[in-house]
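A.B. asks: Just passing along the structure, written as structure tokens.
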Amino acid sequence: MAALYALVPLVATICVSATAPSGPWDVFNLAPESKTVYARTIYGVTGTVATADNLANNTGSATLVGDGSYVTLDFGYEVGGIISLTVDNATTSSSLALSFTESALYISPQTSDDSAVQDAEMSYDGVLPLTAPLQTGLWTAPDYRLRGGFRFLTVVSTSDDPVTISNVSCAISFMPHWEGLRNYTGYFYTSDPESDDADFLTKIWYSGAYTVQTATIAADTGRVDPPLGSPGWYNNATAGIASPLIIDGAKRGRAVWLGDMDIAVPTQFVSTYDLLPAKNSIATIFSLMTAAGELAYSGPPLSEQGSDTYAAWTLIGTYNYYLYSGDLEFVEELWSNYTRAMEYLAAKVDEKGLLYVSETGDWGRLWMGGYNSEANAIYYQALLNSAQLSTWLNDTDLAYAYYTNATKLKGEFNVVFWDDDVGMYRDNETSTLYPQDGNALAVLFNLTTSAEQASRISDGLTQYWNEYGAVSPELPDNVAPFIGGFEVSAHFASGNDERALDLIRLEWGYMLTTNISVQSTFLEGYTSNGSLYYRSYDGYAYDPTFVSHSHGWSTGPTSALTFYVLGLTVTSPLGQTWSIAPHTSGLPSAQGGYSTTLGWFGVDWTSDTSRFNITISTPEETSGTVKLPITGTMYVDGVEVDEDGSQAFELSGGSHTVIVEA
């Protein structure tokens, strides 16, 4: 096993001082004003609990009388941290217990959601006891019993004697390095005419941003594994080499998984520009590299090996981190290990030019291994990213080698995996399975050879949709929002913009509105009939309480709405160069943007059948290209120009207004 060691001291803060402009979108920001939060309402009472409503919004005290009497507090959205309460009055025999749940389905005075380990009995975690004799005054849960994610807190009397309590609060533990959790550096705002709720897409954007915030933790608050026994959970494991970290889920997992980050980190980029967790998490995975160059599948305490796909995702994540942060020093210090990791994967490429997968760990899908289309799509993107990184580091020979290998892979990919009769890529050489992941990533990473081919794949992916979302055929009977996020971007990339929004409305709309979710952050996954028995037959032991309700890998629409609907992307580190190419997607208008250390990047566009108007703001001394969604007579800053919008044109940094009249 590889040893855990520090690559470099990671103490610098990667942030920008500016916050996003204020506006009507601020009401959709779910992050709390304070790091101490209280229940908003009382969900229910069983037995005798006098003045229970006083516990909502911390307005007074409540008295629980009788063994088994309990009150369930509803915080209204996903929170996580350390519980405190004041014992105002108790006898020497009074005792209490606390239980925590994300879904209202599993509220219980006897047990919490399972977070320590999956358990078919749904009772592993149990409750957090406050044993007799209770002392009057403030009680605070021990740090190791931090609860990473919950919406409902149940307080139950476990003796016949009465006990009076007040001031029940949760000290937020996520994003420990930020005081102002609402200080976003980006925003998004639109009106959605195809939804019953005109603000639906804006809510999706902010829910994704908040989901990733809840999955940003101190390095000493990881989930202990193996677990220490039932009942109980322990969140005091070392999860990385420096704080903070971006981990998989708020309640459960609480470990670094670099595949997940390739959705979660773009979400951070467009919303908070909080990139230090990404840096620390990448460094943690590299610190576990084996002598052979194999990168870890997961961070500590799991520290698993055995995934070629996640090794490639780690390399893609490193590229994204540098693109967003411009942190050249970090990349230079990492470079020898980075290229060694690429050599490890390259050794699995045969004369065909395709990666042959021998380490089959992945996101939970079945049938990984050998010549697999998903794995080769990821490796292809890693090759392209590595070529670009090599160019930025002035290693032209290495860049050429990576580009050459990528070109060969793309050609063979289309020979081996493409089925022209079906219009999709196979899972492997002979499979009759046409996977969601391999096809979505092939479009997104431009392994297709024509716009027509990409659009056929987009068409084909819709066969997997039902009333709850896109069901992954490579994980039958399950909806995987991680892969769904890539599918959303693939529909945009193929030019099927309204289809991309339809999938967001279908899948993320279900997660946000169903009464079995926390209705604020996004589920790790769920079944094809909308239940919480995600991956039950594939590692989760038919335990629906084990599923995470706040998983960073499920936030793909947040960055997609920025990158495609706004059309705003950076094309070199920090946005020294950029691209603006709005996908109107049937929407009448959209606005938003984000910041890097160079400054603000923002767009505000309106569109109808005869006119498109866009206001662009980018930092001075930068430059970019603009591609507009309609053609006609074009005016730039009030002056008619010799362009009609059919082709991309160059624009300098600063503030500009562009109008096209059809």
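A.B. asks: Tell me the net charge near D427. Cut-off is 14 Å between Cβ atoms, D427 excluded, with +1 for each Lys or Arg and -1 for each Asp or Glu. Walk me through the numbers before you get to the answer.
C.D. replies: On the way: positive: R365, R426; negative: D362, E374, D419, E429, D437, E474.
The answer is -4.
A.B. asks: Taking neighbour counts of Cβ atoms within 10 Å as a proxy for exposure, in what order, fewest first, do H656, H551 appear?
C.D. replies: Working: H656 16, H551 30.
Ascending number of Cβ neighbours within 10 Å: H656, H551.
A.B. asks: For S22 paired with S623, estimate the spin-label separation in nm (one decimal), with each label point 7 Å from Cα along the Cα-to-Cβ line.
C.D. replies: Modelled inter-label distance: 3.8 nm.
A.B. asks: So which lysines can K35 reach, going by Cα to Cα under 20 Å and dropping same-chain residues fewer than 8 places off?
C.D. replies: K251
A.B. asks: Using the 10 angstrom Cβ neighbour count as an exposure proxy, how do M424, M634 rank, fewest first? Let's see the in-between values first.
C.D. replies: On the way: M424 26, M634 22.
Ranked by crowding around the Cβ, least crowded first: M634, M424.
A.B. asks: Under a point spin-label approximation (7 Å from Cα along Cα-to-Cβ), what is the S572-H656 distance to one decimal in nm?
C.D. replies: 1.6 nm
A.B. asks: Still on this structure, please answer the following. Under 1.5 on a/c is rounded, so check that first for the range 35-172, then, if it is not, pick prolate when a/b is larger than b/c and oblate when it is not; a ≥ b ≥ c are the square roots of the alpha carbon gyration tensor eigenvalues. The partial results should precede the final answer.
C.D. replies: Numbers: a/c = 1.44, a/b = 1.26, b/c = 1.14.
Taking the square roots of the gyration eigenvalues as a ≥ b ≥ c, the range 35-172 is rounded.
A.B. asks: Give a residue-ordered list of calculated ³J(HN,Hα) values for the range 653-662 (Karplus: 6.51 cos²θ - 1.76 cosθ + 1.60, θ = phi - 60°; whole Hz; x for Gly, Pro).
C.D. replies: Using θ = phi - 60°, the values come out as x, x, 9, 9, 10, 10, 10, 10, 10, 6 Hz.
A.B. asks: Which order do V479, V37, V49, V422 fall in if you start with the one that has the fewest other Cβ atoms within 10 Å?
C.D. replies: Numbers: V479 28, V37 19, V49 24, V422 14.
With the sparsest Cβ surroundings first, the list reads V422, V37, V49, V479.
A.B. asks: In addition: Only helical DSSP H runs with n ≥ 4 go in: add -39500 (n - 2.57) per run for the chain, normalise by residue count and round the 222 nm mean residue ellipticity to 500 deg cm²/dmol.
C.D. replies: Numbers: 13 runs with 169 residues, N = 662.
Taking each H run of at least 4 residues, the total per residue is -8000 deg cm²/dmol.
A.B. asks: Rounded, prolate or oblate: which one fits the range 187-564, using the alpha carbon gyration tensor with axes a ≥ b ≥ c (rounded when a/c is under 1.5, else prolate when a/b beats b/c, else oblate)?
C.D. replies: Details: a/c = 1.38, a/b = 1.07, b/c = 1.29.
It comes out rounded by the Cα gyration axes.
A.B. asks: While we're here: What FRET efficiency would be calculated for the residue pair T462, T513, taking the C-beta separation as r and a Förster radius of 25 Å, to the nearest 0.05?
C.D. replies: 0.70
A.B. asks: I've got another one for you. Work out how much length W335 to E304 would gain on full extension: take 0.36 nm times their residue separation and subtract the Cα-Cα distance, in nm to one decimal. All intermediate terms of the calculation are to be shown ahead of the outcome.
C.D. replies: Numbers: separation 31, 0.36 × 31 = 11.16 nm, distance 2.26 nm.
Stretched fully, the W335-E304 segment lengthens by 8.9 nm.
A.B. asks: Once the other residues with Cβ under 14 Å from the Cβ of W605 are scored (Lys, Arg +1; Asp, Glu -1), what is the net sum?
C.D. replies: Numbers: positive: R611, K627; negative: D497, D604, D608.
Residues close to W605 contribute a combined charge of -1.
A.B. asks: T432 versus T290, label points 7 Å from Cα toward the beta carbon: distance in nm?
C.D. replies: 3.6 nm
A.B. asks: Using 0.36 nm per residue of separation minus the Cα-Cα distance, give me the extension gain between R40 and V422 in nm, one decimal. Before the final figure, lay out each step's value.
C.D. replies: On the way: separation 382, 0.36 × 382 = 137.52 nm, distance 5.18 nm.
Once the chain is fully extended between R40 and V422, it gains 132.3 nm.
Read-outs throughout are calculated quantities, based only on the coordinates presented, and are distinct from any laboratory measurement. Please read all numbers here as calculations on a predicted model, not as lab measurements. Note: ideal-geometry Cβ built from the backbone for every residue, glycine included; neighbour counts use all protein chains shown.
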